[in-house]
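The structure under discussion appears below in the form of structure tokens.
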Amino acid sequence: MQKIAIITAGGSGSRMGSLIPKQFLLLNQKPLLWYTISAFLEAFQDISIILVLPQDYMTAGAELVNELQINDQTTLVVGGSTRYHSVQNGIQQIKNPSVVFVHDGVRCLVTPNLIKRCFEQTIEKGSAIPAVTCTDSVRILNNDSHKAINRDQVKIIQTPQTFLSAILIPAFNQPYQEFFTDEATVVESLGQAVHLIEGEYNNLKVTRPADLLLANAILEERNK
């Protein structure tokens, strides 16, 4: 079955406090996106990449694709006003039955092992949503009050959120709703169950300057 990675990199990176979108910030002389795409290529050489970018960074995306020498297997798509619309723009490029990975472009430390495990579970169960157990104390707010809950029952959701295209495409044909914060919520809204898979604590999402420092430290440790 065809493998397709929709890599969402359409954000502006406002929380990073940089004029450059965070997906193009450098980590050891390479843009974050370079590491993200490379992980998928290492997992599956025959994978197709749909790269969702801001309009103003389409040229930069094309240059990165050219550097990686994957022009023939990559499609560049302009992002939408929300994550949902960006993913929807990417999904519109899918023509054949596929296993579809939807991945945050700034989760640049994702490993080929996690990608392969997501693929294998999706073939078996129809979906694979990476998740790790929360390690912080957690409280739920209820108006002016709050209460602690068992953190062992709280999962932190990651990407690549992976689905059979037959499940994902119909979900993204419905109108947008504000609670669509990720692909799992979109699919669940149609009554379709989603299946978790063990994620990786180092599969962090680089959104703030401290995240970039941590990502650099992890990358240095991997390269030793």
Nonlocal amide H pairs with Leu196, under 5 Å, H built at 1.01 Å: Ile129
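Report the full-extension gain for the segment Asp56 to Thr207: residue separation times 0.36 nm, less the Cα-Cα distance, to one decimal in nm.
52.4 nm
Counting other C-beta atoms within 10 Å, and keeping those with at most 12, which DSSP coil GluC sites (Glu not before Pro) do you find in region 115-224?
Values: sites: Glu120, Glu124, Glu178, Glu183, Glu188, Glu198, Glu200, Glu220, Glu221; in loops: Glu178, Glu200.
The qualifying sites are Glu178.
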Go through region 164-178 residue by residue and turn each phi into a ³J(HN,Hα) via Karplus (6.51, -1.76, 1.60, θ = phi - 60°); whole Hz please, and just put x for glycine and proline. 5, 4, 5, 8, 6, 4, x, 4, 8, 8, 8, x, 5, 10, 4
Pull up the cross-link candidates among the lysines for Lys155, meaning alpha carbon to alpha carbon under 25 Å and not fewer than 8 places away within one chain. Lys116, Lys125, Lys147, Lys205
Only sites in a loop by DSSP and with at most 10 other Cβ atoms within 10 Å count here; which chymotrypsin sites (Phe, Trp or Tyr not before Pro) in region 122-182 make the cut? Phe179
Quick one: 3J(HN,Hα) in Hz for region 105-114, Karplus 6.51/-1.76/1.60 with θ = phi - 60°, rounded, Gly and Pro as x. x, 8, 8, 7, 9, 4, 9, x, 4, 5
For Thr74, what residues show an amide H to amide H distance below 5 Å, using hydrogens built from the backbone and excluding near sequence neighbours? Ile49
Pick from Lys147, Lys125, Lys205 the residue whose mean-square fluctuation is largest in a GNM of the chain, springs joining Cα atoms under 10 Å. Lys147
Amide H proximity to Val154 below 5 Å, modelled H, separation 5+ or other chain, gives Cys134
Of the listed values (i) 1.15; (ii) 1.01; (iii) 1.26, grab the one calculated as Cα Rg over 2.2 N^0.38 Å from the structure here. (ii)
Computed magnitude of the charge dipole of the chain (debye, nearest 20; Cβ of K, R +1, Cβ of D, E -1): 240
Coil-residue GluC sites (Glu not before Pro) of region 14-111, DSSP, other Cβ within 10 Å capped at 13: none
Expected 222 nm ellipticity per residue - DSSP helices of 4 or more, -39500 (n - 2.57), all of the chain, to 500: -9500 deg cm²/dmol
In region 2-222 the DSSP beta bridges are antiparallel at a rate, in percent to nearest 5, of 45
Which of the lysines could a cross-linker span from Lys224 if the Cα-Cα distance has to be under 21 Å and same-chain partners fewer than 8 positions apart are dropped? Lys30
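Every read-out reported here was derived from the displayed coordinates using simple, explicitly stated rules and does not represent laboratory data. Just so it is clear, the structure is predicted and the values come from calculations on it, not from any experiment. Because the Cβ atoms are built from the backbone with ideal geometry, glycine has one as well, and the counts that use them run over all protein chains shown.
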